[in-house]
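> Below is a structure I'd like to ask you about.
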Amino acid sequence: MSKIVDYCIKHPRLLRIRDSPLKVLHDPSVPEILVHDWYIGISLDYLDASIEVLLEQWEKAYKKKRHNSQLIAGVFVRLVNDIYECYEQINLALNMPFPEGSSLAATELKEKVRYASIALIKEKITHSFIDARNMYYTNGYKTIEYLFRSRLAQEEGKDRLRFAYLFSSTVSKYEGEDLEYQVQSILDSNLPELADVFNLSDDMLKQACIGSFCNDEQNEIDVSRWLIPDNSFRPSVEEHEENRKLFSQVCEKLNALSLTPNWINILKETIKTRLDTLAWRDNWPDSIVSVQLKWLHVLILPWLSYVIPSTGDTDIDWNNFLRQKIKAEHVLYELIYQSRIPKIFDIIREYPTTKDTILDFHVITTKRGLLEDLREKLMKELSDRLLHQGASASDILQQYIACIQCLAIIDPTCGIMVPVIDLIESYMKNYRSDVVSGVVELIRDQEEDGFFPPVKEEDVYIFKQSEVNKEETPRDAVIIKEDRTAMLRRLQQKSRDPVAMLISMCKSLNDFIKGYSNKLGEVLLLAKNYDTDTEVQRLELLKRNFPADTFLRCDIMLRDVDMSKRLDKSIHENKDISGSFHAIMLSRCYWPGGEEDSDMEDMDDDDDDDEESEDILSSFKSWPEYSRSIQVYESEFKRVKASRKLKFQPTLGSVSLELKFKTKTLKLDVAPEAALVIALFETKEDSFTKEDIQAKVKISKLKVTEQLEFWKKQKVLELSATGYYHLIED
């Protein structure tokens, strides 16, 4: 074979004359298969020996220079050129214009030699060659990037970002702006549901291109957002252009030898390194899908145009490029998802600050079919980090609402929302007794915290009267079970109303209505100057979710306060009443402590609690300022409301205190019992045991304990080792 190669290079005409060294192979009497087997045999022997020598030299050079990527790249390029030259040499003779009918002119022989040669070369390739090849292709991407940076520096100030010059000529169906538009088009948005996105037929690609759209948002992304600063970059258009041409030549030769690397693995490593930078590692408030797509379209796709083999047919090469483009985009989606999903709990907790990241999850999970995976990982995070006794009801409910809002964006069908809701509801209803208070607290504070987005009037979810009344279905009634489609449609509507979703966490609507009414009563009893404007607004917003007259009890309490304001003003015309002494006239049965509230003491029953109330009242009357005010207030009330009798309930309401110490002054609104307790301590020398205090203020031991704990938390009282309470400061 060496002789034939030498003839081909030095004396190609001698192989075509009648007395050439190959004349016996042109003899028609010699079987063609014999000629082919002989030629293939000597070709492979020659190639085997040549490559063996080349790889031996390569291994020695690689061991010496493996720590220097630039030196390795140079040696690798020479190796590829030498292997490709050997491959071409064994085909030189077959490309000669042999006589018609010659066995050496058969196309079949050329194909056999090509396949056998490539198989032999691939068999000989070593691990060091593969490592160097991957390194070279990674450096090839850097070459594309550096060329772009150099041209960008030259074109600074121009209106439009240009990058078509980076692409290989193999994707020459489009040029300039047309090419830039095409590579930035999103092709997989309107594909049939069962389409294999990685192996689209030519017809489907054509339809996808027709129905594609260019991501205009990408064009608005400033290059500084996606091009990471590189201190090793040196601007030199000529140098990087030469390196690009060399990279193109090496890629062509490796493609011809079927030694194209697994570019997906190289791309994955590049993306992982990129996403692990500080710019994007924990940057949850900003969307990174559009930013990274811009990077991929401008720098990765040009690199990919060199990597993928070319057939020489413009249409075939373009369609193949589009298939690889879609594949590269989906690799990016997958890796962004993997980098973000471990933080899904924290990302949801920070909503709405992280809304753009949630939108990224919607794009990625929809395109990659990862909704179920997201659901499983989120439920595990919720179980491990949230659903336990150490978390307050308020924290759980806030995360619950954030989950609802985020999942409605990620999956508008609400399919993955159902098991998440079931998980949290099951825990809250079975293991927590503070659900109602937590729900009431969040709903009341929604405007102050800005946690809930404003709900449009048409999105307000209205509970049915049967849900409020807890109507039981008759035994003989025919039950039509709600199918999944109808259930999801109802959930889609309900999920747009966070208040309705919160209320549904309570065991029953009546539990919530009762809890809200009790809380409103407590707040109104503590209200100063009879101010109810805020509470009226809150109640009116809440009423939108319920049938009429559901909150009749709340309406009556608000009406009582409004009426009390007018009566109190009239009563205070008598100047014998202290200006700081005010009363609210409570309608029987509707306020906390009324007969309808079975969880509170009855205001009118003559039981022990009522006796305690009388004792507290007598304690207040012992204060000179209020003893006279209470008596006058009662007589003035009889004058204004002759048909009514006034009975004070001192355990309700609040007392405004101003405590003056040597170094500070505390202004507090406290429970009446707390006021009675602290009134015993005039100086630091005053000290009492818990039993002493109970005997003096005449309230239960439990309430004494509660009030003493309150004053300890306020750092007003402290407990000595002998069991006596005293002031911390005079």
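The values are calculated or read from the model by the stated rules, or taken from the named source; none is laboratory data. Since this is a predicted model, take the numbers as computed values, not measurements. Reconstructed Cβ throughout: ideal geometry from the backbone, glycine too, with neighbour counts over all protein chains shown. These area figures cover heavy atoms from the full protein model, side chains too; ligands, DNA and RNA do not enter into them. Shrake-Rupley method; radii C 1.70, N 1.55, O 1.52, S 1.80 Å.
> How charged is the neighbourhood of Glu709? Take every other residue with its Cβ under 13 Å from the Cβ of Glu709, and add Lys/Arg as +1 and Asp/Glu as -1.
Result for the neighbourhood of Glu709: +3.
> Which angle between 0 and 90 degrees, to the nearest 10, do you get for helix 484-494 versus the longest principal axis of the chain when only C-alpha atoms count?
Between the helix axis and the principal axis of the chain, the angle is about 60 degrees.
> Quick check: Cα centre of the stretch 228-258 to Cα centre of the stretch 546-564, how many Å?
78
> Separate question: In the chain, if the dipole is taken from +1 on Lys/Arg beta carbons and -1 on Asp/Glu beta carbons about the Cα centre, which of Tyr137, Met563, Ser720 is farthest to the positive end?
Positive-end residue among those listed: Tyr137.
> Quick one: which residues, 5+ away or cross-chain, put their amide H under 5 Å from the amide H of His726? H built at 1.01 Å from N.
Glu718, Ser720
> What is the distance in Å between the Cα centroid of the stretch 486-520 and that of the stretch 104-130?
Value for the Cα centre distance between the two parts: 71 Å.
> Helix 509-526: angle to the longest alpha-carbon principal axis of the chain, degrees 0 to 90, nearest 10?
60
> Using only Cα atoms and rounding to the nearest 10 degrees, what angle (0 to 90) does helix 533-543 make with the longest principal axis of the chain?
The answer is roughly 60 degrees.
> Whole Å is fine, so just give me how far the alpha carbon centre of the stretch 28-68 lies from that of the stretch 358-418.
59
> Mind ranking 537-543, 136-142 by how tightly packed they are, going by the mean number of other C-beta atoms within 10 angstrom, highest first?
Packing order, densest peptide first, comes out as 136-142, 537-543.
> For Ala391, list long-range residues whose amide hydrogen, built 1.01 Å from N in the peptide plane, is under 5 Å from its own amide hydrogen.
Amide H neighbours of Ala391, under 5 Å, 5+ apart: none.
> Now a separate question. Quick one: accessible area per residue over the chain, 1.4 Å probe, rounded to a whole number of Å²?
52
> Still on this structure: Among the lysines, which fall within straight-line cross-link reach of Lys268, defined as a Cα-Cα distance under 16 Å, with same-chain neighbours fewer than 8 residues apart omitted?
Counting by Cα, and skipping residues close in sequence, Lys268 has these lysines nearby: Lys142, Lys325, Lys327.
> Okay, next question. Considering only the other residues whose Cβ falls under 14 Å of the Cβ of Trp280, what net charge follows from Lys and Arg at +1 and Asp and Glu at -1?
Here the charged neighbours net out to +2.
> Across the stretch 696-703, in residue order, what do the Karplus-derived ³J(HN,Hα) couplings come to in whole Hz, using 6.51 cos²θ - 1.76 cosθ + 1.60 with θ = phi - 60° and x for Gly and Pro?
With the stated coefficients, the stretch 696-703 comes to 7, 8, 6, 10, 5, 4, 4, 5 Hz.
> Ordered by residue, what ³J(HN,Hα) values in Hz, to whole numbers, does the stretch 709-715 give under the Karplus form 6.51 cos²θ - 1.76 cosθ + 1.60, where θ = phi - 60° and Gly and Pro are x?
5, 4, 6, 5, 5, 7, 6
> Here is a follow-up. Let me see the pair-distance distribution of the chain: every alpha carbon pair, 20 Å bin width, integer percents in order.
Distribution as computed: 12, 28, 24, 17, 12, 5, 2, 0 percent.
> Suppose every Lys and Arg Cβ carries +1 and every Asp and Glu Cβ carries -1, with no other charges. What dipole size does the stretch 268-358 come out with about its Cα centre, to the nearest 20 debye?
200
> If the reach is capped at under 27 angstrom between alpha carbons, list the lysines near Lys110, excluding any in the same chain fewer than eight residues apart.
Excluding near neighbours in sequence, the set is Lys3, Lys10, Lys23, Lys122, Lys124, Lys253.
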